[in-house]
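Below is one structure, written out as structure tokens; the observations come after it.
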Amino acid sequence: MHALAFITLLGTAFAARPWLYAPDTGADIRYTELDIASGELPPINEIRCLDDFEWAARNVLNSTVMASIANGAGTEGSYRLNTEAFQAYGFRPRTMVDIRKVNETFKTSILGNNFSMPIFLTSFGVATRVHDVGEVGLMKAAADQNILYIVSISAAQSQEEIADAAADGQVYFQQFYNQGWSDEKLQAYLDSVKKYGAKAIAFTIDSAGDGDRWRAARWDVGSGDSETTLITWEFYDKLKSMTDLPILLKGITTVEDAKAAVEHGVAAIYLSNHGARQLDGAPSGFETALEIHEEAPEIFQQIEVYADGGVRSGGDVLKLLSLGVTAVGIGRPFLYSLVYGTEGVIKAAEILRHELTINAQNLGLASLGDIDSTYIKRRLFAPL
Ligand SMILES: Cc1cc2nc3c(=O)[nH]c(=O)nc-3n(C[C@H](O)[C@H](O)[C@H](O)COP(=O)(O)O)c2cc1C
Ligand SMILES: *[C@@H]1O[C@H](CO)[C@@H](O)[C@H](O)[C@H]1NC(C)=O
Ligand SMILES: *[C@@H]1O[C@H](CO)[C@@H](O)[C@H](O)[C@H]1NC(C)=O
Ligand SMILES: *[C@@H]1O[C@H](CO)[C@@H](O)[C@H](O)[C@H]1NC(C)=O
């Protein structure tokens, strides 16, 4: 081998593996004619996967709005790993199973409320900057798909406006941050949450400090909870005494805190690192679910467990379900799909439902409830 060729090879081997925001699905070469400058989007019926929405959004949202969504804390190492962690685990598909009706087994109970599938629309606050329909559009899409929507406390539209958009009988939850309010203000807020009709409160516990978001800071678009915040069991107990709505804890990242939540009789736990926007290095919902599965698997029987972070396909959802997770949250992809308005969010949910169906079929599941941890395995040649 020529010395030069050898050095080139070495260079390739040692070069940092470039991180692509999303897989290349051919959009770049398919849509060369799009008038991106005037905000033209690919036809919605040509959106093939959730990552296509990110491609579309990247072309039409300005840098400020895009940076407020597509950012993670610090080096963005956890942001990358949230999506990439799923690649470290492969499937163990079974064959000779009648899988034709697996799509009829998706019904999921979340705190006693029935939804059409174990996938939900989670909390984020910048919806109106992506599309005028904002949270109202998200609520309508959730109704159309009969999936749970957890409305963010940082929503731009009012509680009343968002609640008015809910369909008859539609169940949604309200996300909450401790903002250091007086007891009076807190009580009034909790009462309003109940009055408008949310059926549970998701108390976000992963943002005691401000998120150290370098990219977001470049564009001056920080966190919805940028103050130093008191998040303690005492505060949780107080919150619990002030409302009869069930309170779930969003932002559990360790088996210790999961156990503590069970001991405190918490309604449910939500494994999440806040889309990797708070602490660079914090584990994704998938990594935390693996930790609990290894160290205290009984927790999945003791309490409902939800998880999010980097979920971009029906296959990712299946990997979380295999560990005992009840329902899986999706953040950024739904936000990107909102560039098409309500219709886009519906389309994103339909894509997930379709992917969940065909992936479950190829995995050999007659019923979604048949999945367990024997359906996944740490890969021999994991990229991580
Ligand atoms: C733009 C944006 C805003 C967010 N705002 C909130 C929020 O107001 N409250 C909250 O608990 N989590 C918030 N999150 C975190 C999400 O609820 C969720 O945990 C995370 O987005 C899941 O990861 P994913 O985006 O990879 O699906 C936000 C995330 C993003 C991307
Ligand atoms: C499941 O898929 C079949 C077609 O493959 C369809 O006829 C049926 O309506 C679907 N059921 C549900 C609950 O979506
Ligand atoms: C949810 O569905 C079950 C049947 O699977 C039913 O018994 C129950 O009443 C439903 N719950 C609600 C709140 O509709
Ligand atoms: C970016 O878009 C948002 C939402 O449309 C708008 O409010 C903001 O002014 C825009 N910023 C710039 C720099 O164009």
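The values are calculated or read from the model by the stated rules, or taken from the named source; none is laboratory data. Every value quoted in this text rests on a predicted model; they were computed, and no experiment measured them. Here Cβ is always computed from backbone atoms with ideal geometry, including for glycine, and neighbour counts include all displayed protein chains.
Some notes on this structure:
- Of the residues contained in segment 130-140, none is found to be away from ligand 2 (no atom under 16 Å from the Cβ) and at pLDDT below 95.
- Condition met for T32 (more than 16 Å from ligand 2 (Cβ to nearest atom), hydroxyl-bearing (S, T, Y), outside any helix (DSSP H, G or I) and closer than 28 Å to L363 by Cα): no
- Within segment 154-184, if we keep just the residues that are in a strand (DSSP E or B) and not hydrophobic (A, V, I, L, M, F, W, C), the residue that is surrounded by the most Cβ atoms within 10 Å (Cβ to Cβ) turns out to be Q174.
- If you go through segment 101-131 and pick out every residue that is touching a residue at least 12 places away in the same chain (Cβ under 8 Å) and either assigned to a loop (DSSP other than H, G, I, E, B) or within 16 Å of ligand 1 (Cβ to nearest atom) (or both), you end up with 20.
- Identity of the residue in segment 84-100, aliphatic (A, V, I, L, M) and part of a loop (DSSP other than H, G, I, E, B), that ends up farthest from ligand 2 (Cβ to nearest atom): M96
- Scanning segment 59-95 for residues that are free of Cβ contacts under 8 Å to residues at least 60 places away in the same chain and surrounded by fewer than 20 Cβ atoms within 10 Å (Cβ to Cβ), we see that the one that is nearest to L368 (Cα to Cα) is N59.
- The single condition from (1) surrounded by fewer than 24 Cβ atoms within 10 Å (Cβ to Cβ); (2) more than 30 Å from N71 (Cβ to Cβ) that A360 fails is (1).
- Residues in segment 311-328 that are crowded, with 24+ Cβ neighbours inside 10 Å and touching a Ser or Thr at 6+ places or on another chain (Cβ under 7 Å): L323, A327.
- Flag if M1 is assigned to a loop (DSSP other than H, G, I, E, B), of a type in the set (A, V, I, L, M) and at pLDDT below 95: yes
Table: residues versus (1) of a type outside the set (G, A, S); (2) farther than 23 Å from G222 by Cβ; (3) away from ligand 3 (no atom under 16 Å from the Cβ); (4) touching a Pro at 6+ places or on another chain (Cβ under 6 Å).
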residue: G125; (1), (2), (3), (4): no, no, yes, no
residue: H131; (1), (2), (3), (4): yes, no, yes, no
residue: K140; (1), (2), (3), (4): yes, yes, yes, no
residue: A155; (1), (2), (3), (4): no, no, yes, no
residue: F173; (1), (2), (3), (4): yes, yes, no, no
residue: Q179; (1), (2), (3), (4): yes, no, yes, no
residue: K185; (1), (2), (3), (4): yes, no, yes, no
residue: Y196; (1), (2), (3), (4): yes, yes, yes, no
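- Segment 98-135, residues that are more than 16 Å from ligand 4 (Cβ to nearest atom) and small (G, A, S): S109, G112, S116, S123
- Close pairs from segment 283-297: first hydroxyl-bearing (S, T, Y), partner surrounded by fewer than 18 Cβ atoms within 10 Å (Cβ to Cβ) and part of a loop (DSSP other than H, G, I, E, B), Cβ under 8 Å, at least 6 apart: T288/T254
- Those residues of segment 223-255 which are closer than 22 Å to G77 by Cβ and exposed (fewer than 15 other Cβ atoms within 10 Å of the Cβ), in sequence order: S226
- Cross-chain or 6+ apart pairs with Cβ under 8 Å, segment 158-182 first and touching a residue at least 12 places away in the same chain (Cβ under 8 Å), then in a loop (DSSP other than H, G, I, E, B) and among the acidic types (D, E): Y177/D225; Q179/D225; Q179/E227; G180/E227
- For the condition touching a helix residue (DSSP H, G or I) at 6+ places or on another chain (Cβ under 6 Å), more than 16 Å from ligand 1 (Cβ to nearest atom) and not small (G, A, S), I358 does not qualify.
- Segments classed as strands (runs of 3 or more DSSP E), wholly inside segment 206-316, with at least 1 members that are farther than 22 Å from Y172 by Cα: none
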